[in-house]
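Participant: Dropping the structure in here first, questions after.
The values are calculated or read from the model by the stated rules, or taken from the named source; none is laboratory data. From a predicted model like this one, the values you see are computed outputs, not experimental measurements. Neighbour counts run over all protein chains shown; Cβ positions are idealised from the backbone, glycine included. The area values use the complete protein model at the heavy-atom level, side chains included, leaving out ligands, DNA and RNA. Shrake-Rupley method; radii C 1.70, N 1.55, O 1.52, S 1.80 Å.
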Amino acid sequence: MEFKILKRVVISIFLLSLTISLLEAKTSNYLRHTFLKENRLTLIFKYDVASVKHFTIRGHGVVKHVYDIFDTSLPKTEDISQFKAKGVRAFRIAQFNKKLIRVVIDTTIDDYKGIFTLKGRVLSFILPSDRNILNQPIPKIIKKHHKIVKHKYRFKNRKRYHYNRKRRVKIIILDAGHGGRDIGASGYGVREKDITLSMTLKLKTILQKMGYRVFMTHKRDIFMNLRERTEYANRHKGSIFVAIHANAAPKKRTPHVLYKGIELFYLSVKNSNRVKDRRAVYRGKKLYSRADYRKMTSASKYYNSKILAKVVKSSMLKNIRTKYNVNDKGIKKRDFWVLLATKMPSILIETGYLTNKDEVKRLTDEHYQTLLVEGIANGINSYYGLY
Ligand SMILES: [Zn+2]
């Protein structure tokens, strides 16, 4: 009986949050026209564009220029994938989330800077000019499984250029939460440290099959403090850091049945007591130089951690929901040590609640664990491969 009431409460909370998210004002600015003329791709919006963020991702003989156009939406009628231009392998455009459109220009030109101009509602991308393209053969691209393939580029000055192996193969640091004498959360006789280690080992195998270099802070059930974990990640020069945990409902809060689902975290140092005098504080000690601290709290780290959290979350839910009904607790910002003291984009995944009977059953199930980590791996893959 009590359970029925709870169920009703949960359902009504769910419906309420659904209505709120539907009511949430959608951005009013949208893309009206796109055209390509000579070496210029132009997008014209209904209203002035607030801001555009540009960054590049390199790999597989292609440089991907990514442009995030904030507070805009994409009508179904607008597309750029049909456009062709010299030196451009592909044009792509998509609604990345409710608030922004993402444009991706794949080019084979290494020294193309990806310049764009924004004047009010007119956004123009200056495409690689003939100058860039002269004498530059387009390299063959083998995309399969991120295998290491050396691409030879011949520049005008006859200097041969090899893609750096280190730059091309991404290093991923995985951190199984807890271990050794630190058992983490527990519920129904299941210890968090066992679940996290088992899932992280599975995740490592999948990512390695995809072609990544994967390091685990620890592969056996041993104790490691948080500082050792982040120092390991920094020493191994990870390009991302992913911590796997399982949750427990707060002891005094009942009913536990309300605590369920998947939750992700990335860094925020607002109101943090771990940060003093622009130093990271661990167990009362100020650690790291200001330069280190700048890396740990850089804008690009925040930005990429957020993107990583988003793609991993949606890919996890997508994979799990093919078989199971799972609650989405969303993405939150925290100053957890592992998120702060890593110099690379980092996320922490709470995979479910050990205090919830249904979830603990699933979390100990091999098949469920596989679905879950496959989702994480796919998300990481799309973070690098770009959507
Ligand atoms: Zn934990």
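Participant: Give me the residue from the stretch 217-251 that is touching a residue at least 40 places away in the same chain (Cβ under 8 Å) and polar (S, T, N, Q) and, out of that set, farthest from the ligand (Cβ to nearest atom).
Facilitator: Here the residue is Ser239.
Participant: Regarding the stretch 17-26, can at least one residue be identified that is assigned to a loop (DSSP other than H, G, I, E, B), modelled with pLDDT of 60 or more and touching a strand residue (DSSP E or B) at 6+ places or on another chain (Cβ under 8 Å)?
Facilitator: no
Participant: Could you please give the count of residues in the stretch 281-314 that are farther than 29 Å from Thr351 by Cα and loosely packed, with under 15 Cβ neighbours inside 10 Å?
Facilitator: Here the count works out to 7.
Participant: Starting from residues that are of a type in the set (Ser, Thr, Tyr) and assigned to a strand (DSSP E or B), keep the ones in the stretch 330-372 and report whichever is farthest from the chain's Cα centre (by Cα).
Facilitator: The selected residue is Tyr353.
Participant: Taking the stretch 189-212, which residues are within 14 Å of the ligand (Cβ to nearest atom), part of a helix (DSSP H, G or I) and of a type in the set (Val, Ile, Thr)?
Facilitator: Once the filter is applied, which keeps residues that are within 14 Å of the ligand (Cβ to nearest atom), part of a helix (DSSP H, G or I) and of a type in the set (Val, Ile, Thr), the stretch 189-212 yields Ile195, Thr196, Thr200.
Participant: Can I ask one more? Does Gly375 satisfy being assigned to a strand (DSSP E or B) and either modelled with pLDDT of 95 or more or open to solvent by 50 Å² or more (accessible area, probe 1.4 Å) (or both)?
Facilitator: Considered against the rule, which asks whether it is assigned to a strand (DSSP E or B) and either modelled with pLDDT of 95 or more or open to solvent by 50 Å² or more (accessible area, probe 1.4 Å) (or both), Gly375 comes out as no.
Participant: Which of the residues spanning the stretch 378-387 are in a loop (DSSP other than H, G, I, E, B) and open to solvent by 10 Å² or more (accessible area, probe 1.4 Å)?
Facilitator: The one that is in a loop (DSSP other than H, G, I, E, B) and open to solvent by 10 Å² or more (accessible area, probe 1.4 Å): Tyr387.
Participant: Tell me, yes or no, whether the stretch 87-97 has at least one residue that is within 25 Å of the chain's Cα centre (by Cα) and open to solvent by less than 10 Å² (accessible area, probe 1.4 Å).
Facilitator: Yes, because at least one residue in the stretch 87-97 is within 25 Å of the chain's Cα centre (by Cα) and open to solvent by less than 10 Å² (accessible area, probe 1.4 Å).
Participant: Which ones in the stretch 174-188 are more than 10 Å from the ligand (Cβ to nearest atom) and open to solvent by 50 Å² or more (accessible area, probe 1.4 Å)?
Facilitator: Matches in the stretch 174-188: Arg181, Ser186, Tyr188.
Participant: Would the stretch 117-134 turn up any residue that is at pLDDT 90 or above and either aromatic (Phe, Trp, Tyr) or outside the structural domain of Val66 (by TED's automatic domain parsing) (or both)?
Facilitator: Yes, some residue in the stretch 117-134 is at pLDDT 90 or above and either aromatic (Phe, Trp, Tyr) or outside the structural domain of Val66 (by TED's automatic domain parsing) (or both).
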